[in-house]
């Protein structure tokens with residue numbers, strides 16, 4: 001029998017947290033209703049402002065945690081709704097006490113607008129940039145991409161969701177009522193101390209494997225439940241965790257009908273029983289709740305707890321040694337309760353979505369080999385670069401290579417020691433093969449992040465320009481790996 005999150009918490013009294021956590025932490029409905037991030041709709045205005053601020057967030061009902069957020073949020077930021085085919089004026093102001101860079105993850109814009117580590121925003125300064133958007137509708141996101149500080153900044157809350165829309169979801173037969181039948185879900189894991197405060201103090205295991213917490217947050221909330229109408233419901237899923245890979249499923253056995261991957265819609269829904277989602281990846285799924293029965297979104301064990309996890313030793317759930325059992329058994333992510341009172345807006349699954357599936361012409365593509373290396377030599381020391389790509393750890397002053405603008409390239413990516421999610425800035429790509437075999441259903445659409453568990457072959461056309469002084473990044477999206485050197489940069493000229 002799988003352990004629930006409530007079971008794990010109640011069994012972890014030695015850490016001092018479970019006894020003080022609110023009773024909203026449950027495996028079934030009964031907690032507070034899940035809140036959506038505030039919606040900032042810029043489709044008409046063509047402009048938006050983000051202001052990063054420090055604040056406090058009470059996650060547990062005990063002591064508050066020091067956190068960062070955007071605008072009126074003390075943790076995370078608003079959901080930005082942007083038109084997929086027009087420019088938008090973006091303004092990002094830093095009211096923090098240290099610089100940060102803000103990356104538009106999945107947005108196809110030139111290097112000078114991409115928000116990589118070469119574009120830090122100093123305290124009390126504003127970065128004003130026009131984002132000329134011309135790409136398919138998609139669920140993408142924004143997050144800190146600060147040199148050596150990305151993991152810490154995202155932990156504190158510098159992230160949010162972007163919805164690119166063309167206004168045609170009704171034609172597609174897709175749920176589109178924000179927060180009612182169209183839910184935005186930012187899934188993250190965090191750790192808390194005995195006073196209920198969020199803590200991030202990465203040790204050697206975290207630096208090597210990536211940080212994994214022992215409490216699941218959805219939209220920055222612990223123990224909340226979603227309430228949905230009796231009909232078809234759309235979940236926009238973002239893995240905003242530093243390192244944890246989720247294997248998402250319905251406890252009741254409902255199909256997750258995949259309708260969109262990172263970079264846009266599929267041609268038709270693809271029914272899945274489980275959906276693997278790595279850090280940085282997004283997916284949109286439809287779930288049929290027309291029977292009126294409640295459910296729980298659950299996850300299987302993190303695949304990155306095998307050999308490397310055993311070598312480094314487990315941290316333990318709440319410090320009490322339960323994490324290993326939880327990882328073997330899986331855990332709850334979000335209870336979902338059905339409210340039969342309102343009439344469902346969408347009551348049947350669409351047969352077609354109309355997205356354009358990847359079909360790149362690779363006959364004249366050049367090839368590139370990328371090896372994502374977890375440096376075992378770095379296990380005995382703290383600080384400095386512990387990871388690398390093709391034998392080189394990230395150097396802000398070194399350009400790894402240059403790509404001709406308009407060229408199509410095939411990259412063969414090797415993930416060493418564990419599964420690594422590779423993200424490439426400025427391009428959406430097609431996954432050609434996985435471990436020499438066919439592409440899994442979850443990776444058949446357009447992607448900008450792919451989990452490499454062994455070997456993957458991808459192809460992309462590099463149309464966005466990036467100068468050597470404002471290059472694009474390519475990196476593992478396990479944030480401790482990125483900060484630890486598993487990142488490179490390239491120009492497109």
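Scan segment 119-136 and tell me whether some residue there is buried (at least 24 other Cβ atoms within 10 Å of the Cβ), in contact (Cβ under 8 Å) with a residue 40 or more places away in the chain and part of a loop (DSSP other than H, G, I, E, B). Within segment 119-136, none of the residues are buried (at least 24 other Cβ atoms within 10 Å of the Cβ), in contact (Cβ under 8 Å) with a residue 40 or more places away in the chain and part of a loop (DSSP other than H, G, I, E, B). Would it be correct to say that residue 201 is within 21 Å of residue 374 (Cα to Cα), more than 16 Å from the chain's Cα centre (by Cα) and in a loop (DSSP other than H, G, I, E, B)? Yes, satisfied. The sole residue among 228, 154, 233, 161 that is farther than 25 Å from residue 440 by Cβ, in a strand (DSSP E or B) and at pLDDT 95 or above is 228. Among the residues of segment 435-448, those identified as crowded, with 22+ Cβ neighbours inside 10 Å and part of a loop (DSSP other than H, G, I, E, B) are 445, 446, 448.
Of the numbered criteria (1) buried (at least 24 other Cβ atoms within 10 Å of the Cβ); (2) assigned to a strand (DSSP E or B), the one residue 287 fails is (1). Considering only residues that are in contact with a strand residue (DSSP E or B) (Cβ under 6 Å, 6 or more places away or on another chain) and touching a residue at least 24 places away in the same chain (Cβ under 8 Å), look in segment 193-211 and name the one that is farthest from residue 176 (Cα to Cα). By that ranking, first place goes to 193. Mind telling me which of the residues 422, 399, 451, 432 ends up being closer than 21 Å to residue 363 by Cβ and either assigned to a loop (DSSP other than H, G, I, E, B) or in contact with a strand residue (DSSP E or B) (Cβ under 7 Å, 6 or more places away or on another chain) (or both)? Result: 432 is the single residue among 422, 399, 451, 432 that is closer than 21 Å to residue 363 by Cβ and either assigned to a loop (DSSP other than H, G, I, E, B) or in contact with a strand residue (DSSP E or B) (Cβ under 7 Å, 6 or more places away or on another chain) (or both). From the list 480, 409, 414, the lone residue that is surrounded by 17 or more Cβ atoms within 10 Å (Cβ to Cβ) and over 26 Å from residue 159 (Cα atoms) is 409. Looking at the structure I just gave you, is residue 44 free of Cβ contacts under 8 Å to residues at least 12 places away in the same chain and not assigned by TED's automatic domain parsing to the domain that holds residue 424? Judged against the criteria, residue 44 is a match.
I'd like to know if segment 99-108 contains one or more residues that are closer than 26 Å to residue 200 by Cα, outside any strand (DSSP E or B) and outside the structural domain of residue 221 (by TED's automatic domain parsing).
Among the residues of segment 99-108, at least one is closer than 26 Å to residue 200 by Cα, outside any strand (DSSP E or B) and outside the structural domain of residue 221 (by TED's automatic domain parsing), which makes the answer yes.
Of the candidates 146, 93, 139, the single residue that is part of a loop (DSSP other than H, G, I, E, B) and either buried (at least 19 other Cβ atoms within 10 Å of the Cβ) or free of Cβ contacts under 8 Å to residues at least 60 places away in the same chain (or both) is 146. Taking the criterion of being surrounded by fewer than 18 Cβ atoms within 10 Å (Cβ to Cβ) and within 18 Å of residue 463 (Cβ to Cβ), the only residue of segment 70-85 that qualifies is 85.
The values are calculated or read from the model by the stated rules, or taken from the named source; none is laboratory data. The model shown is predicted, which means the values in this text are computed figures rather than measured ones. Here Cβ is always computed from backbone atoms with ideal geometry, including for glycine, and neighbour counts include all displayed protein chains.
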